[in-house]
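Below: one structure, written as structure tokens.
The values are calculated or read from the model by the stated rules, or taken from the named source; none is laboratory data. Because the structure is predicted, anything quoted here is derived from the model rather than measured. Neighbour counts are summed over all protein chains in view; Cβ atoms, including those assigned to glycine, are modelled from backbone coordinates with ideal geometry. In case anyone asks, the SASA skips ligands and DNA or RNA and just uses the protein heavy atoms, side chains included. Shrake-Rupley method; radii C 1.70, N 1.55, O 1.52, S 1.80 Å.
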Amino acid sequence: MKPLTEQDIRASFVNCTKGEAKRLSVPRDLAERPWDDLDYLGWRDPQAPDRGYLVVELDGRPHGLALRCSGAAWGRQRRSMCSMCLTTHSGGVSLMVAPKAGKAGKQGNSVGAYICADLDCSLYVRGKKDAGIGARLHETLTVEEKIERTVLNVAAFVAKVTGSPDAPVAPEAMGTPSPTA
């Protein structure tokens, strides 16, 4: 992913108002982010733990999503799988809900997905971050194919939020068939 500025990030949001985008908490460590290892920029709001944000470059431009995150699970934590990168965690996956873009979102419609609670899917797929024993199921896919699958899953989620019939396509995913697990 190419590095983004705070201005790029704020202008990218498709499912919140410009005022909300202006007020949201943007990471202050943008210069230190491992941009070459990111398929999307994701972060949790330190001031509001139930909020998360995801910005992905699709069709040559950034698309940002404001997310609401489920609270901590009560009782015993079970192993759950992220629907974006297919990493399993004990307590490290949250249901994240994004209001739909446009009129549908204003009417209260939303889309949800189970996503790594820290929004670090890119680092789990590349083995740069460890979710513990059993976090990555054995697959015959290459790392590049796992990355492509993650990008396509994120693009499909963005398409559901925007109401687009066709998922936007990431440049690195163009021209190659979707891998199967």
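A few remarks follow.
- Residue check for M1: under 15 Å from V151 (Cβ atoms) and surrounded by 15 or more Cβ atoms within 10 Å (Cβ to Cβ): yes
- Filter pass, A48 being modelled with pLDDT under 95, exposed (fewer than 15 other Cβ atoms within 10 Å of the Cβ) and touching a Gly at 6+ places or on another chain (Cβ under 8 Å): no
- Output for the stretch 54-92, where each listed residue is at pLDDT 90 or above, closer than 21 Å to E148 by Cα, part of a strand (DSSP E or B) and not basic (K, R): L54, V55, V56, E57, L58, P62, H63, G64, L65, M81
- Out of S178, S164, one residue alone is open to solvent by 40 Å² or more (accessible area, probe 1.4 Å), over 14 Å from V111 (Cα atoms) and modelled with pLDDT under 95. It is S178.
- Check on E172, open to solvent by 70 Å² or more (accessible area, probe 1.4 Å) and either part of a helix (DSSP H, G or I) or modelled with pLDDT of 95 or more (or both): yes
- Per-region count, the stretch 11-20, residues open to solvent by less than 50 Å² (accessible area, probe 1.4 Å) and in a helix (DSSP H, G or I): 2
- Taking the criterion of being of a type in the set (D, E), surrounded by 13 or more Cβ atoms within 10 Å (Cβ to Cβ) and in a helix (DSSP H, G or I), the only residue of the stretch 21-45 that qualifies is D37.
- Selection within the stretch 100-149 - small (G, A, S) and open to solvent by 60 Å² or more (accessible area, probe 1.4 Å): S110, G127
- A Cβ distance below 9 Å, combined with a sequence gap of six or more or placement on separate chains, defines the contacts here; from the stretch 81-99, residues that are touching a residue at least 60 places away in the same chain (Cβ under 8 Å) and more than 20 Å from V158 (Cβ to Cβ) reach no residue that is open to solvent by less than 20 Å² (accessible area, probe 1.4 Å) and outside any loop (DSSP other than H, G, I, E, B).
- Of the numbered criteria (1) open to solvent by 20 Å² or more (accessible area, probe 1.4 Å); (2) touching a helix residue (DSSP H, G or I) at 6+ places or on another chain (Cβ under 9 Å); (3) within 23 Å of S164 (Cα to Cα), the one V97 fails is (2).
- Selection count where residues are hydroxyl-bearing (S, T, Y) and crowded, with 22+ Cβ neighbours inside 10 Å, scope the stretch 52-72: 1
- The sole residue among V14, V55 that is in contact with a Pro (Cβ under 6 Å, 6 or more places away or on another chain) and among the aliphatic types (A, V, I, L, M) is V55.
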